[in-house]
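Notes for the one structure printed next.
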Amino acid sequence: MQRWFFLEERKKKKINLSRKMSKKQPETSEILSQEWVFTVSVSNIGPKEKLVLTGNIGELGEWDYKKVIFLDHIDGTDLWTKTVIIPNTCDIFYRYAICLFNEETKDIIVRRWETNIHPRVIKENMLHPITDIFGEYGGKQNISKGWLTCQSLVQFKFVNNPLKLKSRLVGRLMNIKITPVKLSFGAEPQIEDSSLSTDTSDLEVPVGVCVEVATLDNDPSVCNLQPQEQFGREYKTNDIMLVNVLAPNPKSLAYLIDFYSYSTRASVDEPPCHIGYTYVLPNMFKPSEGSLELPVTCNIKHRPLGTINFEYLIISPMEDSLCTLEVSYAKHWDPSWTGLEVGHRGLGASFKTKEGNAIRENTIASLKKAAASGADMLEFDVQLSKDMIPVIYHDFHVCISMKRKKEVDYTEMLELPVKDLTLEHLQKLKVYHLVEGRNHEILFFDDDLEEHQPFPTLEDTLKKLDEHVGFNIELKWTMELNDGTFELNNPFDMNTYVDKVLEVVLKYAGQRRIVLSCFNPDICTMVRNKQNKYPVMFLTVGVSEKYQPYRDPRCLTIPAAVQNAISSDILGIVVHTEDLLRDPTQVKLVTDVGLVIFCWGDDNNDKNTIKKLKEMGLHAVIYDKLDEYTTKEVKESIFLMEARESQREIMHLTALEASPRSESESSPRASPRLCLDLAQRREFETRSTVTSLESLASSIDIQDDQNERNLKRNRELIRTIDKESQVKEQRNSFKGLFTSCDTFKGSPKKSRKED
């Protein structure tokens, strides 16, 4: 993104040196680098974990997690330190992280890292290092878990009372514990002896393996993932228990599932009894998801006690390393972003009723029209074509017209899944919406209008829409209904699907505000763990009379959705308005635990309802016909308004900075110039609006007469000089003028050691 500088051409002053000087003026050499001691205090760190450092310069790895700097631990303290030679001519931005390092494979696993929006900064006028506290700076404390870099996540899901045991054990509460065990092919694993004991903690856990447990409950502390305890987690009737196993190489691991139960006659301090166990081998897993039913073996007589039925999810890391440690918006939501207006499928669904929108849904034209109508964000659906290209379309199926030989009229419509057609087929064939095919009625005659065509690619959409309009990207994935049927059979592998969508988003999103959402809770878990940049929200139907419920209990109510969002460590939930209007107190249930809440549904297509939902405290409302129902007076995205305000402040300060020069040029001691705090300016730049220099200059209203004259000269300069050549000329002529604001590489700056 370009940096804008104050647009005033300044003449270089010629300095005439007297030829009669008896002594030569000594030259002062600028110190370009120096040693800097980084020291950080960490109170809670695992035995094999290490503190690392990363930053925006090459000496600190340029935010690449593979190039982090490992700090040294000071024995007997909680301090970690490292001396690094850093440049002395610019401000340095940096963060700390806690990582695991595999000596054999040289892989780095990010456990936790600092995720304040602004990184730490060493300003160029700082002379002495300080001792940092991990995760705390700028009056805030933000530490987030890492993402999958080289390790995989295996999630075991125990739902719908999975244990079926003999009658003598029916009704007894059971603890479930999962222990990863190294698997040696060709030799029987030595597991049985450990299973006979009441405690399997003596088993050696492989390096980099971590086991965490969450139970979906009204208590948020139980919902949060926590390290597995010695005897596992208690499973109660109708519980939803999730066990996450993080492992660098899951194919080399077997999983021992132990079952414990407390005797009714046991004392308080007495450990539970080991009831039984079962094994899970890696070859039992399918690529991404599935379910298993395994026998439970008695730990004493080694006879069957019953069965255990559980579902699993396997999340693999993305092949391309597209994530860095520079910034994360995964849990970031500005408090001022409330009541945002989100265009549903662009300008609205166009096939639900005969009075549908005049522009086809989920097209570039529909999205652009909604953006021009003042949408803060645009909601649309993404699927994969047969050749694995993310395209925008809502329904899982399309219709293709058929005709009999020697007949002109179309007599039948063939329904085909979107996933079975390539991008070329989808964009070149004459396809119809399901409503058009089933009713034999064509609703749109826009074949000659390119931006009105269905199936635009996600990449094109990211490139063609104004960057200051946010996107709510819904990942369309098949769901199982409560009657056992699926919305779509034989979809892509889940990991493949998510990787293809995330790859496009991470490559082409730029500075756009993006929220990723899905009705499938496993997709939400995948998206959250595969990348560290964009927030994720869980879509839920909740209690509804309009839609058939899903089988997954996490999808059935708003409280269940809240619990799932907490356990998945995602930003929030997107609820069905029908359920909210039935019980408005559920909004407070969501916001009280720190989650963001959007809403969707046909009930939103009413001005009074939209107003009511905003008053209830909704962060965003998704609705159709935004051009008709919007309540905005100024039809602009909130992100565009913020960007313009940021640019206005930058231009205002740089104008004030330059104004005293005419009075002080003759004086050897010029008054100090104003400068933005670099961390604040960095935020301004990330939200910078893509407008012309002329519009930026003309949008500033400065009361000072001298500043007005400066701006007038600037506008004349803008109108006569080409934009590209002007920026190049500025970079050459303005060097050294912005001593503490100039961020482009090579700019001379004051040394930290300079007197």
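Some observations on this one:
- Amide H contacts under 5 Å for residue 363: none, restricted to partners 5 or more places along the chain or on a different chain, H placed in the peptide plane at 1.01 Å from N.
- The separation of the stretch 94-172 from the stretch 286-335, counted between C-alpha centres, amounts to 17 Å.
- Taking all protein chains together, 380, 231 sort by accessible area into 231, 380, largest first [probe 1.4 Å].
- Shape of the stretch 517-652, Cα gyration tensor, a/c cut at 1.5: oblate
- Extended-chain gain in nm, criterion 0.36 nm per residue less alpha-carbon gap, residue 269 and residue 62: 69.3 nm
- Nitroxide proxy distance, nm - points 7 Å out along Cα→Cβ at residue 548 and residue 106: 5.4
- Long-range amide H partners of residue 175 with built H, under 5 Å: 235, 260, 261
- Karplus (6.51, -1.76, 1.60) ³J(HN,Hα), θ = phi - 60°, over the stretch 579-590, in Hz, Gly and Pro reported as x: 6, 5, 5, 5, 9, x, 5, 5, 4, 5, 4, 6
- Placed amide H near residue 276: partners under 5 Å, 5+ positions off or other chain: 259, 299
- On the basis of the beta-carbon distance and an R0 of 41 Å, residue 591 and residue 388 show a calculated FRET efficiency of 0.60.
- Gain upon complete extension [residue 218, residue 72; 0.36 nm per residue less C-alpha separation]: 48.4 nm
- Label-point gap, in nm, between residue 41 and residue 229 - each point 7 angstrom along Cα→Cβ: 3.1
- Of all accessible heavy-atom area on the stretch 614-659, the percent that carbon and sulfur account for (1.4 Å): 50
- Volume per residue for the stretch 469-556 equals 104 cubic angstrom (convex hull of Cα atoms).
- Once the Cβ-Cβ distance of residue 358 and residue 489 is raised to the sixth power relative to R0 = 30 Å, the FRET efficiency obtained is 0.30.
The values are calculated or read from the model by the stated rules, or taken from the named source; none is laboratory data. The structure presented is a predicted model; accordingly, all values stated were derived computationally and were not measured. Note that we place each Cβ from the backbone using ideal geometry, even for glycine, and neighbour counts take in every protein chain shown. Calculation scope for accessible area: heavy atoms of the full protein, side chains included, ligands and nucleic acids excluded. Shrake-Rupley method; radii C 1.70, N 1.55, O 1.52, S 1.80 Å.
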